[in-house]
Number of protein chains: 2
Amino acid sequence: MNLDIITIGDEILIGQIVDTNSAWMAQKLNDEGINVRQIISISDDADHITDTFVQSAKQVNLVLVTGGLGPTKDDKTKETICNFFDTRLISNQAVLQNIEELLNKRGIALNRLNRDQALVPEGSHVFQNKLGTAPGLLLKKNGCSFIFMPGVPYEMKYLMEFEVLPYLRDNFQTTTILHRTVLTQGLPESMLAEKITSWEDALPGYIKLAYLPSPQGVRLRLSARGLEQSLMEAEVESQIIGLQKLIAPNIYGYDDESPAESIGKILTEKGWTVSTAESCTGGAIARLFTENPGSSNYFKGSVVAYSNEIKKDILGVKEELLRHHGAVSREVVESMALNGCRVMKTDFSIATSGIAGPGGGTEEKPVGTVWIAVAHKDRVVSQLFNFGNDRERNIARTGQNSLFMLRKLLITL
Amino acid sequence: MNLDIITIGDEILIGQIVDTNSAWMAQKLNDEGINVRQIISISDDADHITDTFVQSAKQVNLVLVTGGLGPTKDDKTKETICNFFDTRLISNQAVLQNIEELLNKRGIALNRLNRDQALVPEGSHVFQNKLGTAPGLLLKKNGCSFIFMPGVPYEMKYLMEFEVLPYLRDNFQTTTILHRTVLTQGLPESMLAEKITSWEDALPGYIKLAYLPSPQGVRLRLSARGLEQSLMEAEVESQIIGLQKLIAPNIYGYDDESPAESIGKILTEKGWTVSTAESCTGGAIARLFTENPGSSNYFKGSVVAYSNEIKKDILGVKEELLRHHGAVSREVVESMALNGCRVMKTDFSIATSGIAGPGGGTEEKPVGTVWIAVAHKDRVVSQLFNFGNDRERNIARTGQNSLFMLRKLLITL
């Protein structure tokens, strides 16, 4: 089944907040096999609200609406709702009692604004909101159900989990959708597409494939629908096995896993440790590891050597290497990686040295020139990259490529 | 003037990504005095796309569309666009050249899919995308302009800043809105409001004030509209001077400046240098400094000492301090900061040691316990925090508080 999500309020439209509510709702609905047809953000304008309701009711039989129900804005949206559903506001005793209890807990006396919040459109089904003063409301028109919720994220989430989703499970027929995402690295979208074209063409009709490019690489999302859960799981798994045969070295993980997490798994399993010796990435690779819980099991530390002194004093890079080859060179980055293993006593060390920009570029070494090395005890591999002009991108791509190089080394050992 | 934003693709609708693009665009458009009427996310379905275009064209004369322009098979958007605008795809030489140059830089050969990306609807105005293979496109129908951009955030941002916004300024009537944001730290919203209440009440009618709380502190946004640019600038500046008189110690910067950038300015001006010695933040503070261009002038490096061995071996923390007080203690964090200055030869050093979670907590030192120290040569100040249970938040708040502590020290010297 399909539904629309409508958010009401100015904050999203002026870019003051990012609409995280809709993404959260979409994910939960998707897990129930409910398909979100569209997500639309509109302002508090009565005509626009009504028009949007009319359009949605033509296309779907369920609409979830968030926002526009706070204590100050209340009146306008509720009035618009009453006009649309051809009803009027009446006081709801259970809602009033909930409001009184909530305010009581906070030591606040009931005022007129709060009393008005207990007014609900006559004929609506009420979902009690234990975390806030605005209730959830359900109203129907021409076979389409509209469910209204406050826009405050934790109140909306409470209502969804404990009231709305259980109601949907009981009252609507839902199709199960199964998503699995295969995470790839090291192949641009177009080359990847070429490699897997015959596999893709042979996918059964009930499995859809989407290419989702990201800074970490291209994610391949398989979405199955219409069969029994266990059948779909088996079929998707078997398709993934087919895919592995084609691009195994480029698959670093599945679903929400990050490259650093997937490396962490290998390191933990083997009992290996890693460190980083970073110049141009300035701690970004250390961050990629340490943002994951449990990373202290395999990540031991980093020397961020932004200055040549630290490269010499702490990482033991020889003065003459820096003088002869410059900090951005194969010789220096390999020395950083090898010494990184030694100084921080780890099995592996990643080193980076480059010109992130916008300053510091020369004709010979323009902005975006980056050397990456990965060392394993006394072995070292290194590679030269040229990423381009954008500082942020250069740092991000250096991080991603260095993890890709480490992973490549790990899976050969 | 009003416009609609349309995003095409499944990712938002299944909750796999949060739509940050639209919020960013809305903010930029707002700065230009352009009002976003609605933001709508739809799937790659031809009928739905066409229907949405038709609806928007009835209401506004400008529509910005993102997504659906990648090289692979899941992007049917171009075909749908051609049908809607009653045109056909033709190869664009300039786009092809741009694609070739981009692939060349990355050392990738052009294939058929890339060549197809140079196909653009006949009659479209092309905005060159220097950061990616999909160009921006402008097409008109019944007096409504549609601008298409790729959904990859940094490509969209590039196209908006360097192509689309300049085009809009030249071709559409926009009302000038002047925004200036004063960035504050260390005062909660309610206390800040109390301190500046009389200043706020005396603001002229054409200047609006908004309180924007964020993890870095409260931002005060002044928005002026309706006067000549130079008059508005002068008036807003004079209001900011009034504000400085009231809360100078809490203002850390203006507009998009980050706390690390504002510290960088002070350090550069004074010729001082800084380093970090990080345990629980795992390189996050180094990142806050090094994400800014020019940071190599004052940021020298970092030792990320995730393990006790690195705390001892590289930072010279005494074994007995670690044994008697534990790694998360005033004694250890002060030693890390003081030795950080010495080992990395900097005027200042920030040190952190704490339990980011989810594991590692004890009754005495629960998850969220964090010590921060800031050293200036042989002086050191330190503070104990307890941030709570969320790993990501613990790291972020430790970073922000350590910068706030450093700034407090810097402005007293």
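Laboratory data are not the source of any read-out in this text; all were calculated from the coordinates shown. Computed from a predicted structure; not experimentally measured. All Cβ positions, even for glycine, are placed from backbone atoms using ideal geometry, and neighbour counts span all protein chains on display.
What to note about this one:
- Here the range B:345-407 is treated as an ellipsoid with the same Cα gyration tensor; its semi-axes, largest first and in whole Å, are 24, 12, 9.
- Our summary gives chain B a relative contact order of 10 percent, counting only alpha carbon pairs under 8 angstrom and 6 or more residues apart.
- All Cα pairs of the protein assembly as shown, percent lying beyond 54 Å: 14 percent
- Positive-end residue of A:Asn114, A:His125, A:Leu62, charge dipole of the range A:52-155 with Cβ unit charges: A:Leu62
- Counting only DSSP beta bridges whose two residues both lie in the protein assembly as shown, roughly 65 percent are antiparallel.
- Debye intensity ratio in log₁₀ form over the Cα atoms of the range B:259-412, taken at each q of 0.19, 0.21 Å⁻¹: -1.09, -1.32
- Too-long pairs where the Cα-Cα distance tops 24 Å, listed order kept, from A:Lys130/B:Lys195; A:Lys245/A:Lys300; A:Lys318/A:Lys377; B:Lys345/B:Lys408; B:Lys300/B:Lys377; A:Lys265/B:Lys318: A:Lys130/B:Lys195; A:Lys245/A:Lys300; A:Lys265/B:Lys318
- The alpha carbon centroids of the range A:110-171 and the range A:291-342 are separated by 57 Å.
- B:Val317 long-range amide H proximity, modeled H, under 5 Å: B:Lys312
- Net charge dipole, the range A:260-412: roughly 360 debye, given to the nearest 20, about the Cα centre with Cβ charges of +1 for Lys and Arg and -1 for Asp and Glu.
- Database remark: amide H of A:Gly123 closer than 5 angstrom to no amide H (H placed geometrically; neighbours at sequence offset of 5 or more, or on other chains; Pro and chain starts carry no H).
- Highest-MSF residue in chain A out of A:Ile17, A:Ile241, A:Ile34 [GNM, Cα springs under 10 Å]: A:Ile17
- Size of electric dipole in the protein assembly as shown: Cβ of Lys, Arg +1 and of Asp, Glu -1, about Cα centre, debye, nearest 20: 1900 debye
- For A:Glu291, the amide hydrogen comes within under 5 Å of no other amide hydrogen, counting only partners 5 or more places away or on other chains and with H modelled in the peptide plane.
- Computed lengthening from A:Lys76 to A:Asp51, 0.36 nm per intervening residue step minus Cα-Cα distance: 7.5 nm
- Note, ³J(HN,Hα) from phi for the range B:396-401, Karplus 6.51, -1.76, 1.60, rounded to Hz, x at Gly and Pro: 4, 6, 4, x, 5, 5
- Each residue of the range A:28-35 is assigned a 3J(HN,Hα), and the resulting list reads 4, 5, 4, 4, 8, x, 9, 8 Hz, derived from the Karplus form 6.51 cos²θ - 1.76 cosθ + 1.60 (θ = phi - 60°), x at Gly and Pro.
- Hull-based mean projected area of the range B:182-223, where the convex hull spans the alpha carbons, in square nanometres: 2.8 nm²
- Between A:Ile17, A:Leu102, A:Cys144, the Cα set farthest toward the positive side of the dipole of the range A:2-171 (charges on each charged residue's Cβ, about the Cα centre) is that of A:Leu102.
- Listed values for the range B:207-212 are Karplus-derived 3J(HN,Hα) couplings in whole Hz (6.51 cos²θ - 1.76 cosθ + 1.60, θ = phi - 60°), namely 10, 9, 10, 10, 8, 10, and x replaces Gly and Pro.
- Cα-Cα P(r), chain A, percent of pairs per 10 Å interval: 4, 18, 20, 17, 17, 14, 8, 2, 0
- Pair-distance distribution P(r) for the range B:96-151, from all Cα-Cα distances in 5 Å bins starting at 0: 4, 19, 27, 21, 14, 8, 4, 2, 1 percent.
- The alpha carbons of the range A:104-261 occupy a box of 66, 37, 24 Å along the principal axes, longest dimension given first.
- Distances in nm from A:Lys312 to the matching label points in the other copies, shortest first (labels 7 Å along Cα to Cβ): 2.9
- Centroid-to-centroid separation of the range A:378-413 and the range A:231-273 [C-alpha atoms, Å]: 20 Å
- Semi-axes of the equivalent ellipsoid of the range B:29-122 are 29, 17, 13 Å, computed as sqrt(5λ) over the eigenvalues of the C-alpha gyration tensor in descending order.
- At an R0 of 45 angstrom, the distance between the Cβ atoms of B:Thr412 and B:Asp201 translates into a FRET efficiency of 0.90.
- Here, P(r) means the percent of Cα pairs in each 5 Å bin from 0 to the largest distance; for the range B:2-171 it is 1, 8, 18, 22, 22, 16, 8, 3, 1, 0.
- Projecting the Cα atoms of A:Ile411, B:Thr197, B:Ile240 onto the charge dipole of the protein assembly as shown (Cβ charges, centred on the Cα centre) puts A:Ile411 farthest toward the positive pole.
- Within the range B:180-231: Cβ-based charge dipole about Cα centre, in debye rounded to nearest 20 (Lys, Arg +1; Asp, Glu -1): 200 debye
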